[in-house]
1. Determine ³J(HN,Hα), in whole Hz, for all residues of the stretch 85-96 in sequence, where each value follows from phi through the Karplus function 6.51 cos²θ - 1.76 cosθ + 1.60 and θ = phi - 60°; x replaces Gly and Pro.
2. Can you tell me how the stretch 1-60 classifies by the Cα gyration tensor, rounded, prolate or oblate, using a/c under 1.5 as the rounded cut?
3. Which value, in Å², gives the accessible area per residue of the chain when a 1.4 Å probe is used on the protein heavy atoms?
4. Determine the share of the chain's accessible area contributed by carbon and sulfur atoms, expressed in whole percent, with a 1.4 angstrom probe.
5. Can you compute the modelled spin-label distance between Glu162 and Lys266, with each label point 7 Å from Cα toward Cβ, in nm?
6. Below 8 Å, C-alpha to C-alpha, sequence gap of six or more: please give me the relative contact order for the chain in percent.
7. When the Debye formula is applied to the Cα atoms of the chain, each taken as the same point scatterer, what base-10 log of I(q)/I(0) results at q = 0.08, 0.09, 0.14, 0.15 Å⁻¹?
8. Between their Cα atoms, which of Lys165/Lys266; Lys266/Lys363; Lys132/Lys384; Lys132/Lys386; Lys321/Lys363 are more than 30 Å away from each other?
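The values are calculated or read from the model by the stated rules, or taken from the named source; none is laboratory data. Small disclaimer: the values here were computed from a predicted structure and weren't measured. Note that each Cβ is placed from the backbone with ideal geometry, even for glycine, and that neighbours are counted across all protein chains shown. Calculation scope for accessible area: heavy atoms of the full protein, side chains included, ligands and nucleic acids excluded. Shrake-Rupley method; radii C 1.70, N 1.55, O 1.52, S 1.80 Å.
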Amino acid sequence: MNYNRTIFSCFTGYIVQAIINNFIPLLFITLQGSYGIPLSRITLLITVNFGIQLAVDLLSAFFVDRIGYRASVVSAHACAAGGLILLPVLPEIMPPFAGILAAVALYAVGGGLIEVLISPIMESCPTDNKEKAMSMLHSFYCWGQVGVVLLSTLFFTIAGVENWKLLSVIWAVIPVVNGILFLRAPIAPLISEGEMGMKFGELLRSGTFLLLLLMMMCAGASELAVSQWASFFAESGLRISKTAGDLAGPMAFAALMGASRWFYGKYGERISLDRFMIISGLLCAASYLMISIVPVPSVNLAGCGLCGLSVGIMWPGTFSKAAASLKRGGTMMFSLLALAGDVGCSCGPSLVGAVSGGTGSMKKGILAAGVFPVLMVVGVILLKKKNTEK
């Protein structure tokens with residue numbers, strides 16, 4: 001059976017995820033001006049988006065296997081497309097903020113399901129090197145993020161930001177088409193015939209799984225603790241405009257993270273995943289020191305870029321280690337790992353903010369968050385030791 005359509009659909013699924021997470025932040029100022037919504041309520045949209053995705057990460061562990069992967073992944077794309085289509089419609093027929101919030105909530109359900117489903121669907125495909133395939137898969141989120149910002153900026157330059165409603169509908173075409181592709185794409189079982197996936201309690205009693213949860217949390221925290229400040233360092237270090245700062249900061253971060261994932265996806269058969277993750281973790285810790293200790297803005301910005309390059313393998317690498325270490329992990333394992341990663345995405349920036357607020361120095365906040373890549377390295381070493389002793 002040819003799984004090329006499945007692999008292509010999985011790649012596109014992560015582009016859909018990137019659209020969901022990165023499109024509406026580009027509209028904050030526009031939504032504030034068009035509907036008179038306070039900025040404090042506008043930024044609540046991000047909290048709601050990721051909060052719902054966290055809830056879906058957890059709940060999906062208990063229903064995906066019952067309704068099946070195909071129905072779940074097609075429903076995910078339908079929710080993503082529906083939210084993007086309703087985003088320009090609902091604010092015109094109901095209170096604007098409530099309408100925007102409802103659309104965001106709908107596509108957040110799709111985003112949460114996509115995050116849980118795409119990795120195990122890809123893992124189930126009969127590829128030659130699953131670690132390479134997983135890394136390549138996750139690079140498409142990065143390319144999607146770069147594409148959303150670049151293409152949206154180009155659209156706004158040509159057509160005007162006032163036509164954002166049309167662009168929202170255009171972006172919705174991608175999940176519509178990909179959902180149709182998933183209707184016919186072959187999906188292999190994740191667990192071998194005759195075997196049962198691990199239950200919730202069984203996973204929590206596994207020292208290996210708890211270690212993987214810690215690694216996944218550190219992966220999310222290591223990435224987000226720096227990426228949200230990349231634009232600040234670009235603007236303050238290079239003294240450039242906000243638009244140019246976004247391109248030199250978050251865009252460069254995403255591109256380098258994608259390059260790291262693409263590199264391992266291309267040449268992974270020649271490189272030990274353990275070694276690659278350990279070296280990446282050490283480079284990530286070094287990047288935190290470049291950002292927080294060196295009193296040179298251009299070096300701080302270079303540290304942001306190095307961080308993007310070094311964190312690339314952490315998330316997909318942990319997924320691959322989990323699939324190899326716990327063969328019966330199943331949907332429950334992937335759901336809980338996605339949940340842990342999202343918790344890390346929240347913990348990293350929160351720690352930076354808490355320490356920065358207490359000390360009056362954002363660099364001290366970044367330095368404190370350097371504990372996450374260090375813990376990632378420790379986790380990889382301990383997991384390798386556990387697997388060797390089996």
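1. 6, 7, 3, x, 8, 4, x, 8, 10, 8, x, x
2. Working: a/c = 5.74, a/b = 2.02, b/c = 2.84.
Note, shape of the stretch 1-60 comes out oblate.
3. Working: 16020 Å² over 390 residues.
I get 41 Å² per residue for this part.
4. Values: 10880 of 16020 Å².
Summing carbon and sulfur atoms, their accessible area is 68 percent of the total for the chain.
5. 4.4
6. On the way: 636 pairs, mean separation 89.9, N = 390.
It rounds to 23 percent for the chain.
7. Reported log10 I(q)/I(0), two decimals: -0.40, -0.51, -1.27, -1.45.
8. Values: Lys165/Lys266 38 Å; Lys266/Lys363 35 Å; Lys132/Lys384 18 Å; Lys132/Lys386 22 Å; Lys321/Lys363 32 Å.
Violating the 30 Å limit, Cα to Cα: Lys165/Lys266; Lys266/Lys363; Lys321/Lys363.
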